[in-house]
Structures are given as C-alpha cells and as structure tokens.
Amino acid sequence: DSLLHNILPEHIAHRLKQEEKIADHYENTTILFADIVGFTARATLMSPHDVVTMLNDIFSRFDVLVGRYDLNKVKTIGDCYMVTSIPSSDLEHDGC
C-alpha cells in the first residue's frame, strides 16, 4: 500500500486498490518529465542541506507555474519533476 502511494498519484493508487482498470483517455494532453542533468555528480560535491535547498528552489518555481497555468503536479522523486496539462480537478472526479 505504501509503495503505491510513494510512486503513484493518490487518485491512481486508490483506483488500483479498487482493482479498477486504468485506461483513461484525454485529448491534447502534455506530460513533462524534468530531470536535472548531472544531478548525481553535482550533489556528491554539495552538503545535504545545499542539495535540499537547491531542489526546493527549483521545484518551488515549478510549483508556481503549475498553479498559474492550472496544471497537475504528478510527482517529484529525487531530482525528477512530473507534471501534466490535465488539471487536478479533472483527475479527481472520482472523489479521491
């Protein structure tokens, strides 16, 4: 259960636990995967505090844009950020 919630958005994890097949279709959708090139090599030269501060700064800027353009932040894992053009309100129609 915790693995599902760590790697998937909450509403998807809930649907999978209900044994629902997931094959949603959206017209004109964009998915962005942002990954910091050279992050691992750079992070090894930084203190943990500086790594967290850097990621917080970068991801906070992404979060502002997500809110401004009514996008859906799917997940951040390490130095990866995933967002879709499907608004969160459209994804949460199932009450999750």
Can you find a residue in the range 83-96 that is hydroxyl-bearing (Ser, Thr, Tyr), open to solvent by 70 Å² or more (accessible area, probe 1.4 Å) and at pLDDT below 85? yes
Of the residues in the range 1-29, those that are surrounded by fewer than 10 Cβ atoms within 10 Å (Cβ to Cβ) and either hydroxyl-bearing (Ser, Thr, Tyr) or farther than 24 Å from GLY78 by Cα (or both) number 9
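May I ask you to list the residues in the range 33-56 that are within 17 Å of VAL83 (Cα to Cα), open to solvent by less than 70 Å² (accessible area, probe 1.4 Å) and outside any loop (DSSP other than H, G, I, E, B)?
Scanning the range 33-56 gives ALA34, LEU55.
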Those residues of the range 62-78 which are basic (Lys, Arg) and assigned to a helix (DSSP H, G or I) amount to ARG68
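Hey, any hits in the range 68-80 for a residue that's of a type in the set (Lys, Arg), surrounded by 12 or more Cβ atoms within 10 Å (Cβ to Cβ) and in contact (Cβ under 8 Å) with a residue 60 or more places away in the chain? Steps first, please.
First, pick out the residues of the range 68-80 that are of a type in the set (Lys, Arg): 68, 73, 75.
Subsequent filtering for residues that are surrounded by 12 or more Cβ atoms within 10 Å (Cβ to Cβ) retains 73, 75.
Checking the rest, the ones that are also in contact (Cβ under 8 Å) with a residue 60 or more places away in the chain come to 75.
The answer is yes, given that some residue of the range 68-80 is of a type in the set (Lys, Arg), surrounded by 12 or more Cβ atoms within 10 Å (Cβ to Cβ) and in contact (Cβ under 8 Å) with a residue 60 or more places away in the chain.
The values are calculated or read from the model by the stated rules, or taken from the named source; none is laboratory data. Computed from a predicted model, the values in this text were never measured in an experiment. Here the Cβ is made from the backbone with ideal geometry for all residues, glycine too, and neighbour counts use every protein chain on show. With ligands, DNA and RNA removed, areas are computed over all heavy atoms of the protein, side chains included. Shrake-Rupley method; radii C 1.70, N 1.55, O 1.52, S 1.80 Å.
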